[in-house]
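Participant: Can you keep this structure in mind? I'll have questions shortly.
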Amino acid sequence: MLIQYEQPRPQVALIRLNRPEKMNAFSIPLERDLLSGIRRASDDEDVRVVIFAGAGRAFSGGWDLGETDLTDAEHHPLSGRAGRHTWLEVIRTLRRPDKLFIAAVHGYAAGQGLELCIASDLIVCADSARFYFAETRVGFNMTSGTAKLLPLLVGLGQARRLALLGQTIDATEALRIGLVVEVTSEGRHEASALHLADEALKGAPLALAAQKQLFDDALGMPLEAVQDFETQMSFRLTNTEDHQEAKKAFAAKRTPEFKGR
């Protein structure tokens with residue numbers, strides 16, 4: 001397998017890209033293994049948080065240009081005949097509202113590897129991290145909806161700088177522009193992601209899923225529609241067992257025990 005699948009603690013899955021001799025560069029087989037790992041986590045009702053990481057010295061160097069002939073529709077990674085849109089299935093599965101996806105980066109996150117990070121809900125990184133969109137330097141373009149998501153993360157100007165100029169930025173700059181939410185010392189990036197997972201698991205499952213769905217759906221909605229949607233969602237959550245449990249726990253000054261109901 002070109003990925004490693006672990007469960008470092010209850011309710012958390014860790015999917016590690018495992019092609020270290022190639023800096024975890026993507027290939028069609030790796031994409032398929034990654035999708036298989038994501039589906040495994042998605043089908044497991046006990047898993048609420050999924051962390052992506054890379055084996056060896058980097059998160060991912062992007063697409064392996066030596067892997068296949070991208071001019072051949074039979075083998076192009078985005079071709080329905082080759083990968084059956086495997087990569088798009090990977091990216092779209094990350095929008096499941098009932099799962100939180102965190103990218104834990106060290107070394108390079110370039111091209112397709114960086115797209116995976118941006119499609120996740122949160123990015124944390126070690127201070128060794130370097131982020132790089134190589135696409136225009138190799139005669140290609142970003143995919144995965146990055147042209148929409150990246151400006152939302154860092155602003156249109158910074159997105160243009162990264163995508164059009166192909167500039168490499170370090171962890172400090174990534175934090176400054178809002179690409180990542182946390183920078184940690186070398187070797188602590190996975191522990192940092194696990195800490196964020198622990199914080200997320202303190203929330204009620206249905207409420208976290210609702211909030212993620214609200215963020216995603218709001219991207220294509222006018223403000224008044226978002227306000228109406230938020231109000232409708234809040235009424236639904238008010239009637240959940242978890243909300244009632246939170247009220248009881250508050251009154252009793254104890255930690256709530258959420259059941260996802």
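The values are calculated or read from the model by the stated rules, or taken from the named source; none is laboratory data. Here the structure is a predicted model, which means the values were calculated and not measured. Neighbour counts are summed over all protein chains in view; Cβ atoms, including those assigned to glycine, are modelled from backbone coordinates with ideal geometry. Accessible surface areas use protein heavy atoms only, side chains included; no ligands, DNA or RNA. Shrake-Rupley method; radii C 1.70, N 1.55, O 1.52, S 1.80 Å.
Participant: Tell me which residues come under 5 Å, amide H to amide H, from T184 once H is placed; ignore anything under 5 positions away on its chain.
Facilitator: C125, A126, D127
Participant: Once the whole set of protein chains is in place, how much accessible area is left on E199, using a 1.4 Å probe, in Å² to the nearest 10?
Facilitator: Around 90 Å² of this residue is reachable by solvent.
Participant: Turning to a different aspect of this structure: Thinking of the stretch 178-261 as a set of Cα atoms, what percent of all their pairs are more than 23 Å apart?
Facilitator: Looking at the stretch 178-261, the distances longer than 23 Å represent 43 percent of pairs.
Participant: Enumerate the calculated ³J(HN,Hα) couplings along the stretch 12-19 in order (Karplus 6.51 cos²θ - 1.76 cosθ + 1.60, θ = phi - 60°), each rounded to whole Hz, writing x wherever the residue is Gly or Pro.
Facilitator: Result, rounded to whole Hz: 10, 10, 10, 10, 10, 4, 10, 9.
Participant: Principal axis lengths of the stretch 140-223 from Cα atoms, whole Å, largest first?
Facilitator: 42, 41, 22
Participant: Still on this structure, I have one more. Once amide H atoms are placed 1.01 Å from N in the peptide plane, what residues at a sequence separation of 5 or more from W63, or on another chain, have their amide H within under 5 Å of its amide H?
Facilitator: For W63, whose amide H was placed from the backbone, the distant partners under 5 Å are F26, Q112, G113.
Participant: If you don't mind, another one. Which one of G155, G66, G145 has the biggest mean-square fluctuation once the chain is modelled by GNM with Cα springs under 10 Å?
Facilitator: Maximum among the listed residues: G66.
Participant: How much net charge surrounds A200 when only the other residues with a Cβ under 15 Å from the Cβ of A200 are counted, with Lys and Arg +1 and Asp and Glu -1?
Facilitator: Counting the neighbours of A200, the net charge comes to -1.
Participant: Same structure, new question: Given that compact globular proteins tend to follow 2.2 N^0.38 Å, what is the ratio of the alpha-carbon Rg of the chain to that value?
Facilitator: Normalised Cα radius of gyration, the chain: 1.05.
Participant: If amide H atoms are built 1.01 Å from N in the plane of the peptide, which residues on other chains or at least 5 residues away come under 5 Å of the amide H of L100?
Facilitator: V49, V50
Participant: Counting only protein heavy atoms and a 1.4 Å probe, tell me what percentage of the chain's accessible area is made up of carbon and sulfur.
Facilitator: Carbon and sulfur together cover 52 percent of it.
Participant: Report the Cα centroid-to-centroid distance between the stretch 1-64 and the stretch 149-183 in angstrom, as an integer.
Facilitator: Going from one Cα centre to the other spans 23 Å.
Participant: What number, rounded to the nearest 500 deg cm²/dmol, is the helix-based mean residue ellipticity at 222 nm of the chain, given -39500 (n - 2.57) per DSSP H run of at least four residues and division by all its residues?
Facilitator: About -13500 deg cm²/dmol.
Participant: Can you flag which of K22/K259; K99/K253; K22/K148; K99/K247; K22/K212 are past 32 Å Cα-Cα?
Facilitator: Checking Cα-Cα distances, K22/K259; K22/K212 exceed 32 Å.
Participant: Could you go through the stretch 104-110 in sequence order and give the Karplus-derived ³J(HN,Hα) for each residue, using 6.51 cos²θ - 1.76 cosθ + 1.60 with θ = phi - 60°, rounded to whole Hz, and x for Gly and Pro?
Facilitator: 10, 10, 9, x, 7, 10, 10
Participant: Got a sec? Charge dipole of the chain, +1 on Cβ for Lys and Arg, -1 for Asp and Glu; which of A218, A200, G107 is way out at the positive end?
Facilitator: A200
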